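**Student:** The structure follows.
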Amino acid sequence: MQIRMNNVGKTVKGVELIKNINLTLDSGNIYGFVGDNGAGKTVLFKVLLGLMKKTSGIITIDGYVLTDLLKDVGFIIERPEYIPYYTAYKNLAVIAAYNKKAGDARIREVLEMFGLNPDDKKTVGKYSLGMKQKLALSMAFMEDPAILILDEPLSALDEGSVNNARERILEEKKRGKLILVASHYKEDINSLCDVVYKMKDGEIVE
């Protein structure tokens, strides 16, 4: 799979949040995006996902123009919202019911993959930030998507969980996935990414 972004921009109330984005992204690679808060990383991810409508430019998937939401993708953008009075398992089960790609066994597998107990009766509203981040990772991986778009995926995790998550992300790369990662942590970027783009003021500067 190849994603191409040609002169993509997003303007809100006269402010260019991203501009002149030109990227070619290929499966089997992890692309890192770094920059200060407000540099445009999250906006770029939202535009690519279709959660924000681009103002200019063209996005193509294997040569076909993307006109709607990006398909076959798992993602973490900002802080995901959950049903606070449901367990982790039930939250994922509700999401899985939409596409019917992940059954009971897969839901249990991804929760255990990131260190959560699928039989835990604790509701998500009582979870720590670290546990919620593990649930976010479980949700992104659940349907075995071809593309992963991960905005600060390792935040709030303890050292052991960070190492585990890095290993899981690298395993997905070996399986040929196309992965985008934004992180403020240099070690995350250095340990994961094949190519790193620096963003500043909505543009890719290197």
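**Student:** Grab the alpha carbons of region 1-83, take their convex hull, and tell me the volume per residue in Å³.
**Tutor:** 122
**Student:** Might you tell me the accessible area per residue for the chain, computed with a 1.4 Å probe and given in Å²?
**Tutor:** Ligands and nucleic acids excluded, the figure is 51 Å² per residue.
**Student:** Which value in deg cm²/dmol, rounded to the nearest 500, describes the helix-derived mean residue ellipticity at 222 nm for the chain, given -39,500 (n - 2.57) per DSSP H run of n ≥ 4 and division by the residue count?
**Tutor:** After summing the helix terms and dividing by the residues of the chain, the value is -10000 deg cm²/dmol.
**Student:** Ranked by accessible surface with a 1.4 Å probe, highest first, in what order do 3, 61 come?
**Tutor:** If we order 3, 61 from most to least accessible, we get 61, 3.
**Student:** A further question follows. Among (1) 11.3; (2) 14.4; (3) 13.4, only one was calculated for this model; which label is it, if the read-out is mean projected area of the Cα convex hull in nm²?
**Tutor:** Among (1) 11.3; (2) 14.4; (3) 13.4, the one calculated here is (1).
**Student:** What is the sum of charges around residue 146, taking Lys and Arg as +1, Asp and Glu as -1, for the other residues whose C-beta is under 9 Å from the C-beta of residue 146?
**Tutor:** Every neighbour counted, the sum reads 0.
**Student:** Next question, about the same structure. Report residue 90's accessible area, 1.4 Å probe, all protein chains in place, as a number in Å² to the nearest 10.
**Tutor:** 90
**Student:** If you stretched the chain out fully between residue 185 and residue 81, how much longer would it get, using 0.36 nm times the residue separation minus the C-alpha to C-alpha distance?
**Tutor:** 35.1 nm
**Student:** Between residue 123 and residue 13, what is the label-to-label distance in nm when each label sits 7 Å out along the Cα-to-Cβ direction?
**Tutor:** In this crude spin-label approximation the distance works out to 3.6 nm.
**Student:** To the nearest 10 degrees, how steep is helix 104-113 against the longest Cα principal axis of the chain, on a 0 to 90 scale?
**Tutor:** The angle comes out at about 80 degrees.
**Student:** Here is a further query. In the chain, if the dipole is taken from +1 on Lys/Arg beta carbons and -1 on Asp/Glu beta carbons about the Cα centre, which of 61, 190, 125 is farthest to the positive end?
**Tutor:** Toward the positive end, the furthest listed residue is 125.
**Student:** Here is a further query. Name the lysines eligible as straight-distance cross-link partners of residue 53: C-alpha to C-alpha under 21 Å, and not fewer than 8 places from it in the same chain.
**Tutor:** Partners within reach: 10, 13, 19, 41, 71, 200.
**Student:** Right, another one. Cβ under 12 Å from residue 29's Cβ, residue 29 left aside: what net charge do those residues give with Lys, Arg +1 and Asp, Glu -1?
**Tutor:** Local net charge: 0.
**Student:** For region 113-206, which chymotrypsin sites (Phe, Trp or Tyr not before Pro) are both in a DSSP coil and crowded by at most 15 other Cβ atoms within 10 Å?
**Tutor:** 185
**Student:** In percent, what relative contact order does region 101-206 have, based on Cα pairs under 8 Å that are 6 or more apart in sequence?
**Tutor:** In percent, rounded to a whole number, it is 22.
**Student:** For residue 128, what is the net charge nearby, where nearby means another residue's Cβ is under 12 Å from its Cβ and Lys, Arg count +1, Asp, Glu -1?
**Tutor:** Result for the neighbourhood of residue 128: +3.
The values are calculated or read from the model by the stated rules, or taken from the named source; none is laboratory data. As the structure is a computational prediction, the values presented were derived from the model and not from experiment. So basically every Cβ, Gly included, is an ideal-geometry build from the backbone, and we count neighbours across all protein chains shown. Just the protein is used for accessible areas: all its heavy atoms, side chains included, with ligands, DNA and RNA removed. Shrake-Rupley method; radii C 1.70, N 1.55, O 1.52, S 1.80 Å.
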